[in-house]
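Notes for the one structure printed next.
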Amino acid sequence: MHQTHLQFDAHLSRQKPESIRNRATACPFCVRDSLEDILAEQGTIVLLKNKFPVLQDTFQTVLIETDQCESDLWEYDRDHLLALIRFGVEQWMAMEASGAYRSVIFYKNHGPLSGGSLRHPHMQIVGLKHMDYRATVTLDQFEGAVIDAKPGVELNISTKPRVGFFEWNVILRDREQLDAWAVYIQLTVDYMMNHFNKNCTSYNLFFYELDGALYAKIVPRFPTSPLYVGYGLPQVPQNLGDHVQAMQERYFG
């Protein structure tokens with residue numbers, strides 16, 4: 001079955017709690033004893049079935065990152081960061097290896113422009129029964145101006161972004177360097193949320209497996225360019241080098 005569009009259940013979506021904009025909403029992830037359909041857990045990290053599976057022909061799971069509702073990825077101590085990324089990748093790869101899905105996507109929404117609904121830090125791992133996300137992804141979308149690199153792992157800023165403007169890539173070619181990959185991801189999120197643009201309140205983190213390598217793409221979220229929405233034309237800012245230099249001086253000086 002060849003499928004090009006995911007079917008979204010709008011009626012079920014209306015039942016989801018929303019705590020990003022409405023901070024008075026009770027957070028369902030804060031009461032550990034009330035969590036249902038837990039699939040795996042490690043310390044304060046929990047993987048469970050999504051209570052509101054709005055995407056048809058998928059298996060949707062939620063990865064609760066921590067029991068600290070007001071925290072986020074850039075604030076985690078190093079041990080928790082590494083445990084989280086290792087746990088997430090293991091669960092993602094296990095779903096891929098199960099053979100039950102054509103492909104499995106792993107991603108994170110944060111902030112009011114990210115497409116998310118809950119403030120509590122979490123990621124999602126979703127098995128797609130009839131779609132292969134790789135069909136819409138090309139390796140040149142991860143090419144970029146190098147900020148820092150170690151054997152088997154690289155951090156860059158896209159020179160051929162998928163959507164346009166600023167996109168950071170972290171590439172892992174040697175799985176033994178997964179911890180260094182995780183640190184690069186955290187430093188990028190820290191820069192994006194605290195030093196990049198005072199109006200940046202939201203980001204997405206997307207994971208990919210392509211030709212044996214793992215890729216993470218971190219994207220600050222602003223209103224999407226009309227040139228991309230209407231014509232699929234990405235734009236590349238001319239000041240990428242300023243942010244390469246700023247990150248090098250701040251984190252790798």
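Note that segment 48-61 has calculated 3J(HN,Hα) couplings of 9, 5, 5, 5, 10, x, 7, 9, 6, 6, 9, 10, 9, 10 Hz, one per residue in order, obtained from phi through the Karplus relation 6.51 cos²θ - 1.76 cosθ + 1.60 (θ = phi - 60°); glycine and proline are x.
Between the helical axis of 78-97 and the longest alpha-carbon principal axis of the chain there is an angle of about 70 degrees.
The alpha carbon gyration tensor of segment 3-124 gives principal lengths a ≥ b ≥ c with a/c of 1.5 or higher and a/b no greater than b/c, which makes the shape oblate.
If you place +1 on the Cβ of every Lys and Arg and -1 on the Cβ of every Asp and Glu, how big does the dipole about the Cα centre of segment 136-253 come out, in debye to the nearest 20?
Numbers: 9 positive and 13 negative charges, 77 e Å.
In debye, rounded to 20, segment 136-253 gives about 380.
Packing order of peptides 55-62, 246-253, 5-12, highest average first: 55-62, 246-253, 5-12 (average count of other Cβ atoms within 10 Å over each peptide's residues). Sort the chain into rounded, prolate or oblate with this rule: let a ≥ b ≥ c be the square roots of the eigenvalues of the Cα gyration tensor; rounded if a/c is under 1.5, and if a/c is not under 1.5, prolate when a/b is larger than b/c, oblate otherwise. Note, shape of the chain comes out rounded. Roughly speaking, to the nearest percent, how much of segment 58-182's 1.4 Å accessible area is carbon and sulfur? Here it works out to 50 percent.
Using only the Cα atoms of segment 155-253, build the gyration tensor, take square roots of its eigenvalues as a ≥ b ≥ c, and label the shape rounded, prolate or oblate: rounded if a/c is under 1.5, else prolate if a/b is larger than b/c, else oblate. Verdict is oblate for segment 155-253.
Taking amide H atoms as placed 1.01 Å from N in the peptide plane, the amide H of Val153 lies under 5 Å from those of Arg173, each 5 or more residues away in sequence or on another chain. Taking the longest Cα principal axis of the chain as reference, the axis of helix 240-251 is set at about 80 degrees.
In the chain, helices alone account for a calculated mean residue ellipticity at 222 nm of -6500 deg cm²/dmol, with every DSSP H run of four or more residues adding -39,500 (n - 2.57).
Of all lysines in the structure, the ones whose alpha carbon falls short of 24 Å from that of Lys150, not counting any fewer than 8 places away in one chain, are Lys160, Lys217. Basic side chains Lys and Arg get +1 at the Cβ, acidic Asp and Glu get -1 at the Cβ, and with that the dipole of the chain about its Cα centre reaches some 760 debye. Farthest toward the positive end of the dipole of the chain, out of Asn239, Ile45, Leu81, is the Cα of Asn239, where the dipole comes from beta carbon charges about the Cα centre. Across segment 131-144, rounded Karplus estimates of 3J(HN,Hα) from the backbone phi angles (6.51 cos²θ - 1.76 cosθ + 1.60, θ = phi - 60°) give 10, 10, 4, 5, 5, 10, 10, 10, 5, 5, 6, 10, 6, x Hz, Gly and Pro being marked x. Over segment 196-245, what percent of the accessible surface lies on carbon and sulfur atoms, probe 1.4 Å? The C+S portion of the solvent-accessible surface of segment 196-245 is 52 percent.
Say the cut-off is 28 Å between C-alpha atoms; which of Lys51/Lys129; Lys51/Lys198; Lys108/Lys198 go over it? With Cα atoms farther than 28 Å apart: Lys51/Lys198.
The values are calculated or read from the model by the stated rules, or taken from the named source; none is laboratory data. All of these numbers come straight from a predicted model, not from anything done at the bench. FYI the Cβ positions are ideal-geometry reconstructions off the backbone, even for glycines, and counts take in every protein chain you see. Quick note on the areas: whole protein, heavy atoms, side chains included, nothing else; ligands and nucleic acids left out. Shrake-Rupley method; radii C 1.70, N 1.55, O 1.52, S 1.80 Å.
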